[in-house]
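Reviewing the structure listed below.
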Amino acid sequence: ERFFRAYRTKLAEGAPGPWLAGMTLDPSLVAEAWCHQRGYVCFIQELWGRDVAAGEKIGAAYIVGFFDSVAEMETVYDGYRGARAIAVSEAGYTVK
């Protein structure tokens, strides 16, 4: 239904902090994914799960950022669910 990879940060005093999340807006594009923390947080994923011909373009649309709760992630995600591309111009951006 949704595709998130997220890490809960810790505040200086050790209390739970905000979530750092990477969300793929069309989960059907993801073939495999994982994340790790080794002094930094790394989100890794493979798209499509098939061979790609020379010159062929692949990609996906993502939201990456800090969130106060899983519910907030779900709300933001659902507003853009299914998008496969983000077009950026001087006027701003559109999600397609």
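The values are calculated or read from the model by the stated rules, or taken from the named source; none is laboratory data. Remember, it's a predicted structure, so these values are computed and weren't measured experimentally. With ideal geometry, Cβ positions are generated from the backbone for all residues, glycine too; neighbour counts draw on all protein chains shown. What goes into the accessible areas is simple: the full protein's heavy atoms, side chains included, and nothing from ligands, DNA or RNA. Shrake-Rupley method; radii C 1.70, N 1.55, O 1.52, S 1.80 Å.
Values as computed for the structure displayed
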read-out: Condition met for residue 34 (touching a helix residue (DSSP H, G or I) at 6+ places or on another chain (Cβ under 7 Å) and open to solvent by 60 Å² or more (accessible area, probe 1.4 Å)); value: no
read-out: Conditions (1) crowded, with 16+ Cβ neighbours inside 10 Å; (2) closer than 21 Å to residue 94 by Cβ; (3) under 11 Å from the mean Cα position of the chain (by Cα): number failed by residue 29; value: (3)
read-out: Residue 9 vs. criteria of a type in the set (S, T, N, Q), open to solvent by less than 40 Å² (accessible area, probe 1.4 Å) and under 21 Å from residue 88 (Cβ atoms); value: no
read-out: Cross-chain or 6+ apart pairs with Cβ under 8 Å, the range 41-52 first and on the phi < 0 side of the Ramachandran plot, then of a type in the set (Ser, Thr, Tyr) and surrounded by 14 or more Cβ atoms within 10 Å (Cβ to Cβ); value: 41/7; 45/24
read-out: Residue ranges of strands (runs of 3 or more DSSP E) in the chain with at least 3 members in contact with a Pro (Cβ under 7 Å, 6 or more places away or on another chain); value: 3-10
read-out: The range 46-65, residues that are open to solvent by 50 Å² or more (accessible area, probe 1.4 Å) and within 30 Å of residue 10 (Cβ to Cβ); value: 46, 62, 64
read-out: Considering residues of the range 13-40 that are without any contact (Cβ under 8 Å) to a residue 60 or more places away in the chain and among the aliphatic types (A, V, I, L, M) only, the residue nearest to residue 59 (Cα to Cα); value: 29
